[in-house]
Amino acid sequence: MKIAKISMLFCSAVLGVSCTTTKNYTVNSKSGTMTQGTADFTQKGKTVSLDLNVYKLTPGIHAVHIHEKGDCSATDGSSAGGHWNPSKNDHGKWGSEHFHMGDIGNLVADKDGTARLTFKTDKWCMGCSDESKNIIGKSLIIHADRDDFKTQPTGNAGGRVGCVEIK
């Protein structure tokens, strides 16, 4: 009986480790800016975490959204399309009554233009078959301005200064 329990615990531990996926990306500058940084996405079990570190931003508040297309080829980031919104909800603040699946929120750049945002959710997945949750094939966009969480459909976030293709 002990051997069976130990075997089951060992197999569970192996499965737990194998159920973690991490993808690391570089932020591409857009719209003539010098924006730089990294975006790390990790899925552990049913939770996806984002660790976004950005440099060379203008000091202040900048919106961060997931956009519908995994394409950062346009110089202004427009090739990423609009906000990812598979449920067709109004734009808003994450966790409020109405929000897009891509409505992450704001990050704050200090006087040197450095900012970090961490985010966790069980509403996303990486590479799963549920297209209403799968972030692979989308883009992460850093905007020039803050998200006001009201203006439809973009939050009045301004131009696109950074882009990450989530592959």
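A short reminder: the numbers here are calculations on the coordinates, not readings from a lab. Predicted, not measured: the structure shown is a model, and the values here were computed from it. In this analysis, Cβ positions are derived from the backbone assuming ideal geometry, glycine residues included, and neighbour counts consider all displayed protein chains.
Output the Kirkwood hydrodynamic radius of region 20-166, Cα pairs only, in Å rounded to one decimal.
Here the Kirkwood hydrodynamic radius works out to 14.9 Å.
Using amide H atoms built 1.01 Å from N in the peptide plane, name the residues 5+ places from V161, or on other chains, whose amide H lies under 5 Å from its own.
Residues meeting the criterion, in which the H sits 1.01 Å from N, are I142, H143, A144.
Taking θ = phi - 60°, what integer Hz values does the Karplus form 6.51 cos²θ - 1.76 cosθ + 1.60 yield along region 40-51, in sequence order, with x for Gly and Pro?
For region 40-51, the Karplus-derived couplings read 10, 10, 10, 10, 10, x, 9, 10, 9, 10, 10, 10 Hz, x marking Gly and Pro.
If you plug each phi of region 92-100 into the Karplus form 6.51 cos²θ - 1.76 cosθ + 1.60 with θ = phi - 60°, what whole-Hz ³J(HN,Hα) values come out, in order, with x for Gly and Pro?
x, 8, 3, x, 7, 4, 10, 6, 7
Treating only the Cβ of Lys, Arg, Asp and Glu as charged (+1, +1, -1, -1), what charge dipole size does the chain show about its Cα centre? Round to the nearest 20 debye.
Working: 20 positive and 17 negative charges, 126 e Å.
Here the chain has a charge dipole of around 600 debye.
Which listed residue (V48, V27, H67) has the Cα farthest towards the positive end of the charge dipole for the chain, taking +1 on Lys and Arg C-beta and -1 on Asp and Glu C-beta about the Cα centre?
V48
Output ³J(HN,Hα) for region 63-74: one whole-Hz value per residue in order, computed from phi by the Karplus curve 6.51 cos²θ - 1.76 cosθ + 1.60 with θ = phi - 60°, and x for Gly and Pro.
Karplus values, whole Hz, x for Gly and Pro: 6, 10, 9, 8, 10, 5, 10, x, 9, 10, 5, 6.
Starting from the amide H of G37, placed 1.01 Å from N in the peptide plane, find each other amide H under 5 Å away whose residue is 5 or more places distant or on another chain.
Those lying under 5 Å, H to H, from G37 are V27, Y55.
Work out, step by step, the length gained on full extension between R116 and D40: first 0.36 nm times the residue separation, then minus their alpha carbon distance; give nm to one decimal. Could you put the intermediate results ahead of the total?
Details: separation 76, 0.36 × 76 = 27.36 nm, distance 1.14 nm.
Result: 26.2 nm gained on full extension.
Looking only at region 79-114, which residues have a backbone nitrogen under 20 Å from a spot 7 Å from the Cα of D130 in the C-beta direction?
It comes to 84-90, 94-104, nothing else.
Compute the helix-to-body angle for 2-18: its Cα long axis versus the longest principal axis of the chain, expressed 0 to 90° and rounded to tens.
The angle comes out near 20 degrees.
Could you work out how much longer the chain between T47 and K23 gets when fully extended? Use 0.36 nm per residue separation minus the Cα distance between them, nm to one decimal.
On the way: separation 24, 0.36 × 24 = 8.64 nm, distance 1.40 nm.
Separation in residues times 0.36 nm, less the Cα-Cα distance, equals 7.2 nm.
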